[in-house]
Every structure is written in structure tokens, then in C-alpha cells.
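Worksheet: the structure to be examined is printed underneath.
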Amino acid sequence: MKLNFLLFTVVLGMGGAWPSSPVYLSNSWRCPSGYSLAKTSGGLNGDLNQSAGGKDIFLCVALDAVPLYGLKLQQNRNCGSGWNLTPALGGLNGDLNQSAGGKDIFLCYSKNPGQGGTKKIRNIYLTKRRPVDNLWMPSRPDGLNGDLNQSAGGKDIFLEITRDEPPSHPMILARSPHCPREYSLAPTSEGLNGDLNQSAGGKDIFLCVALDAVPLYGLKLQQNRNCGSGWNLTPALGGLNGDLNQSAGGKDIFLCYSKNPGQGGTKKIRNIYLTKRRPVDNLWMPSRPDGLNGDLNQSAGGKDIFLEIFREEGSTNWLPSESSFNEAMTNYNFGRYPNPGYEPADVCVPIIGGLGLGCTAVGPCWHAQQMVSFADKNYLYVFYTMSQERHGKAYLLRAPLTKADSNTLPAVESSGTVLWYEQTTNFNHPGDLVISGRIILTANQNWDPMEDKDWYLQLGCDLPGTCTCKSNLASRRQALTMWDFGDSLISPRRYTIDKSTFNSILPDGDKMDNSDADDLWGGNVDGHLIIQFESKWLHFKGTSLGTVRSWERISVTREANYPSCPGEVDGSNKLFTTIDDKSYLASFETDNDCYSLRPASYDDSTKKLIVSCAGMIVQCTRGGQLVHISRDKYRAFQTITQGPNGQVFLTSLNMYGTQTQVVASKPF
């Protein structure tokens with residue numbers, strides 16, 4: 001108790017004063033007062049020694065309070081004149097590899113303009129991929145390679161920095177879909193994955209855009225690098241030479257741009273999309289002065305990929321109904337919140353011919369899990385969960401409605417923000433979601449893929465060293481977690497009930513087992529919160545969400561999973577929704593642009609839930625969902641909600657958790 005008191009006093013003592021150092025090392029992810037945890041991506045948890053053993057070391061930053069101009073990594077504590085060693089607390093000695101072996105690595109900083117850079121460092125990120133340019137990394141005067149775990153094993157962890165200078169180009173070409181900071185991946189449709197050389201071989205080439213930061217008026221495709229007066233060749237990173245068909249054969253194709261009004265158009269280009277269908281009007285394509293047909297893979301084989309552009313004519317980013325592209329895209333700025341991260345994994349699959357098991361990198365491991373949405377008069381909100389190897393994540397995104405004067409084409413802005421974030425501590429796999437008003441529930445589980453031996457696509461096989469989808473469980477707990485955003489969108493009330501606790505209200509012979517809590521769906525039916533959790537139908541009686549006695553078992557009219565009605569979309573993603581004050585069971589299916597709505601009702605006097613085939617509606621949207629089978633996930637990442645103005649929003653989320661696609665209409 002005395003030791004705890006002393007530690008507490010030290011933290012408070014430091015936190016009471018304004019931070020004096022822009023960076024700090026802590027032995028806990030709970031940073032001292034005035035500091036916040038450095039942002040992460042790619043499944044990193046913030047520990048600089050992640051998976052390497054040794055001390056838990058977290059980087060805390062206070063860049064809004066203390067100027068930072070320079071960072072360098074070196075193998076000794078003597079930082080030199082004008083530089084300072086990053087301070088540490090909790091028994092840390094400053095070595096980023098403390099007790100993990102490997103290189104001695106120390107982080108030095110400078111608060112002096114010109115010493116390390118003339119522009120202030122704006123953000124520091126932890127990333128698994130080496131930044132594509134040394135300008136985005138700390139200097140390394142004595143030969144370190146930049147990996148904070150160099151020679152210690154564990155995760156590859158690099159520091160990536162951005163400075164107080166906005167992007168100078170409206171777009172760049174990158175070697176991976178992980179665009180540099182301040183840029184986002186150009187939106188895609190119809191199963192395209194963003195690679196301009198998809199299925200054509202050659203280099204992986206991705207188009208990253210920053211159209212909110214840099215004006216863009218003109219685009220043209222041509223067969224040489226000489227773009228001409230007033231035009232610029234799109235810069236390329238990571239060894240790319242600017243040719244969109246690099247190493248794929250076919251035509252040499254270069255993308256030129258102009259930032260000058262009147263050169264290529266009098267209205268700014270607001271969005272650029274990748275689509276498989278040729279836009280129906282040349283006004284929606286880059287110009288092609290030397291005879292190219294617009295296909296970025298012309299003569300190279302592979303996917304047909306066209307650039308489709310939209311300008312600031314009109315009041316929204318919604319796309320004309322006669323266009324070949326039929327979705328509105330929103331990209332989210334994560335600001336001070338951790339980037340969601342995405343980690344593919346080797347998946348064991350049966351080898352054709354009965355030769356046993358083999359591994360191939362085809363499946364996602366840690367990624368966005370599920371999503372729900374709700375709307376008010378000003379914003380569309382998207383809540384989603386993301387699995388990670390140790391502690392999962394939950395986000396509430398917010399995108400402004402542009403309030404277009406249209407009943408059929410309501411608008412969602414192309415840029416949104418993160419309104420709320422929580423680390424689902426000790427649950428690595430928050431999964432299926434249910435929404436009722438502003439109450440959101442998730443099946444909060446701990447999942448170890450190495451134990452799943454019965455899947456057709458088995459995660460974790462018997463060939464040593466071939467499968468990378470491995471967990472780092474903090475606990476074995478399985479539960480139902482609930483957030484109530486009714487009073488506050490940034491500080492919800494949180495409740496958790498362990499899965500086993502529900503057995504106290506279930507009859508003998510029909511208890512929940514101790515398997516993963518991975519089965520949840522439901523929603524609002526006639527004003528009642530109804531869920532199917534682990535194959536048990538439960539009704540919230542309306543007292544306290546976190547008390548098991550506030551829940552009761554109910555009956556249903558048919559089998560729990562409801563046999564399909566004729567013509568129903570029989571997808572794995574189901575939820576109850578309310579449209580025009582009527583309750584429906586909505587069902588979405590992977591790679592299906594259609595969804596179905598079956599009338600639902602609940603009689604509280606008989607405790608009976610009824611879902612009927614009579615009156616079923618099937619609607620087909622313009623664009624479907626953002627995640628396709630081609631992206632190696634057989635799950636519908638799609639949801640439906642109605643806003644207070646009567647508009648119905650169909651929203652889809654990509655697996656990175658960074659972009660939504662919205663179709664809004666009146667379905668009846």
C-alpha cells in the first residue's frame with residue numbers, strides 16, 4: 001500500500017505541472033497527466049517491446065504543449081549539445097530495448113528550431129512498416145536501422161513523424177495501401193482493392209489522395225513523363241517510377257495533375273474513385289491527349305480500372321444517378337486516437353488432392369469485426385469493433401450530413417472524424433454487434449486462432465512456423481459488453497455481464513457453455529431490446545443493463561435462425577431495425593447488392609417474438625457493400641438505420657476501419 005501511494009504521488013506531482021518534455025517513456029499505457037499515448041497502426045499495442053519480452057515501455061507525447069523539432073535514435077545516452085534524452089519513469093532506464101536484449105537504443109529529442117528540422121513535429125506514430133522516406137523517421141547517426149526492436153526479436157516497430165507542413169501534392173503513388181500520413185487511399189468499388197496493377201502483375205501501385213488539403217483542378221493520362229507547362233507528374237514513393245503499368249507490360253501510362261484553376265477545369269476536383277466500368281461521360285475522366293483509352297491497365301491485362309472524378313458542382317459528394325459509380329465514400333481522420341490497424345494472416349487450407357494441409361497468405365487475422373449505425377439531424381454515426389492480438393478496440397465515427405434538398409440522394413460528407421474510442425481491455429476479439437436506439441452491445445470474447453482446428457479454413461495448422469495468426473490473450477473471459485450513449489456520445493455508460501452469469505436465468509439443460517462468446521444479433525423490436533446471444537433469445541426488461549436479472553428468456557415463433565422465406569437474402573449479417581415506426585429483420589449477404597426486410601413484432605404479455613414472411617421486402621442498392629469475397633472475408637459488413645428526417649442510410653465499412661460507403665434512400 002505504501003509503495004502504491006508513493007508511485008501515485010510521483011505521477012500526480014509530475015502531472016500537476018505543465019509538461020516540460022515533448023516525449024516521455026512510461027511503464028504503463030496510462031500516460032502521466034498532460035501526455036497521451038503515441039498513435040499506433042497495424043495491430044501494434046503501443047508497447048515498444050511488443051512480443052520481444054523485456055520491460056513494458058510506452059511512448060507518451062505532449063506535442064501540443066511542448067515544441068519538438070528533432071528526434072534521433074542512437075546507441076548511447078550522450079545525446080549531445082542541444083539534445084535531451086527522453087525522460088523515463090517506473091524503473092525504466094531510457095533504453096528502448098531494456099531487458100529484451102538486442103541493440104541499446106536511446107531516443108533523443110530537440111526543442112530547438114533548425115536542430116533536426118525547421119518545422120515542428122506534429123505527430124509521432126508507431127508503425128510496423130518502415131516509413132518510405134527518411135524525412136519521416138528520426139535520424140540515426142550511428143547506424144541503427146530504425147526498428148525499435150532491432151536485434152531483439154518481437155514486432156518490427158518504427159517511429160514515423162509528420163511535421164507542421166501540409167501535403168504539397170494532391171496525390172501520390174505508394175507501394176502499399178498504407179498511405180503516408182495526411183493522405184488516404186482513393187476509394188474503390190466493385191471488388192477493386194486499390195492496386196492500379198490488380199491482376200496484371202508488376203509493381204503494387206496505390207493512389208493516395210489529399211484533396212481536402214491541396215487543390216486539384218486537372219488530371220490527364222499520357223504516355224510520357226513530360227506533363228507540360230502548369231502540369232506536374234504525380235510523385236511516386238518506394239522505388240516507383242511514375243508509370244502506372246510499371247513492370248506489368250502494356251502501355252506506359254503517367255498521371256499528370258494541375259493545381260491551377262482553368263487548367264483542366266474551373267471547379268475543383270472533390271473526389272477520385274477507382275471503378276471497373278468506364279465512366280459514361282468524358283467529363284468524369286482524366287483527359288487523354290495522346291490516345292489512351294482511360295483503362296489504367298491498358299494492354300497489360302488484369303482488371304479494367306478507370307479513374308472517375310467528381311467536381312464541386314452541386315452541394316454534395318453524392319454521385320449522379322446516371323454515373324457508373326454508385327456510392328458515397330467517407331474517409332476518417334483519426335487524429336489523436338489510435339489507428340485501427342489491419343493484419344493479414346497465413347491461413348491453413350486443404351490442399352487439392354488430399355495431400356494434407358498447406359498454408360497460404362489469403363485470410364485476414366485482426367481487422368474490423370462488425371458495425372452498426374445511427375443518425376441525428378446533423379450527423380451519421382458508425383460504431384464498429386476491431387480485433388487485436390491482445391486488447392481489442394471500439395470506435396464511434398461521425399460524418400456530417402450535407403442536408404441536400406433531395407428525398408432520394410441525401411448526402412454524407414467525404415471526410416469524418418473519430419468521436420469516441422475505447423480499448424476493450426482484456427478482450428481481444430469484440431465481435432458481433434447489436435444496436436437499440438443509442439445502446440450498443442457486443443459479444444466480447446477472447447479468441448485464440450491456434451485452437452480453432454475444426455474450421456474448413458483452419459487458422460493454426462500443424463506445420464511449424466507457417467501460420468502467423470496468433471493471439472496474445474490477456475484473459476479467457478467471455479462476456480456481453482454494453483455501451484449506453486443516450487446521455488453522452490463521448491462518455492457512454494459501460495456494462496459487462498460474463499457469459500456464464502446468464503446461466504442463472506436459464507433453465508437446467510439449456511445453459512450456455514464455456515466456448516467463445518461469438519454469436520450475437522438482435523436489435524429493437526416494437527420498442528424492446530431483443531437479442532440472440534449464444535443461441536438464447538433474451539429480452540431486456542428495462543432496469544439496469546449490467547444486471548442479469550434485468551434480462552429474461554423469451555420464445556420465438558420458429559427456429560432460432562429462421563428458415564429463409566422465398567426470395568429472402570439469406571446472409572450471415574442480421575439485425576432488427578425500425579423504419580417508419582415498423583420493426584423489421586434486415587439481412588445482408590456478402591457480394592450481394594440486395595438486402596431483405598421481414599416484418600417483426602414482439603408481444604410482451606406472451607413474451608413471444610414473431611418474424612413473418614408475409615410483407616417481406618427485398619431492395620437492391622446502388623453499390624452494395626465495401627467488403628467483398630475478393631477481399632478474403634465471407635461476411636457482410638453492412639448495416640441499416642433511419643434518421644429523424646426519414647432518410648434510410650445503408651452503410652458499409654472496410655476491413656481497415658478507416659472508410660465507410662453510404663447509400664441513402666427511402667426504401668419503400
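The values are calculated or read from the model by the stated rules, or taken from the named source; none is laboratory data. Keep in mind the model is a prediction, meaning the values are calculated, not measured. With ideal geometry, Cβ positions are generated from the backbone for all residues, glycine too; neighbour counts draw on all protein chains shown. The accessibility values were calculated without ligands, DNA or RNA, using every heavy atom of the protein model including side chains. Shrake-Rupley method; radii C 1.70, N 1.55, O 1.52, S 1.80 Å.
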Problem set entry | Interchain or long-range residues, amide H under 5 Å from N271's placed H | F310
Problem set entry | ³J(HN,Hα), Karplus 6.51/-1.76/1.60, whole Hz, each residue of the stretch 481-496, x for Gly, Pro | 10, 10, 10, 10, 8, x, 8, 8, 8, 10, 9, x, 7, 10, 9, 9
Exercise. Which of the residue pairs K103/K203; K155/K511; K128/K203 have a Cα-Cα distance greater than 29 Å in the structure shown?
Worked result: K103/K203; K155/K511
For this session: State the percentage of accessible surface on the stretch 564-630 attributable to carbon and sulfur atoms; use a 1.4 Å probe and exclude ligands, DNA and RNA.
Result: 49 percent
Problem set entry | Relative contact order (%) - criterion: Cα under 8 Å, at least six apart; region: the stretch 24-104 | 37 percent
For this session: List every residue whose amide H lies under 5 Å from the amide H of T424, counting only residues 5 or more places away in sequence or on a different chain, with H placed 1.01 Å from N in the peptide plane.
Result: G392, K393, A394
Exercise. What full-extension length gain, to one decimal in nm, is calculated for N145 and R311 as 0.36 nm per residue of separation minus the Cα-Cα distance?
Worked result: 55.4 nm
For this session: Report, ordered by chain and residue number, the lysines lying within cross-link reach of K120, taken as a straight Cα distance under 21 Å and ignoring same-chain residues fewer than 8 apart.
Result: K39, K72, K111
Problem set entry | Residue-wise HN-Hα coupling along the stretch 194-207, computed from phi with Karplus coefficients 6.51, -1.76, 1.60 (Hz; x: Gly, Pro) | x, 6, 5, 9, 3, 6, 9, x, x, 6, 6, 9, 10, 9
For this session: Go ahead and run the numbers for FRET between N226 and T118, Cβ-Cβ distance against an R0 of 30 Å, rounding to 0.05.
Result: 0.40
Exercise. Which far-off residues, 5 or more places away or on another chain, put their amide H under 5 Å from the one on S471, with H placed in the peptide plane?
Worked result: M450
Problem set entry | the stretch 181-301, relative contact order in percent, only Cα pairs under 8 angstrom and at least six apart counted | 33 percent
For this session: Please list, or write none, the lysines whose alpha carbon is within less than 18 Å of the alpha carbon of K220, excluding same-chain residues fewer than 8 places away.
Result: K251, K259, K267, K268
Exercise. Say the dipole of the stretch 477-575 comes from +1 at the beta carbon of Lys and Arg and -1 at that of Asp and Glu; which of G527, H539, G486 then lies farthest toward its positive end?
Worked result: G486
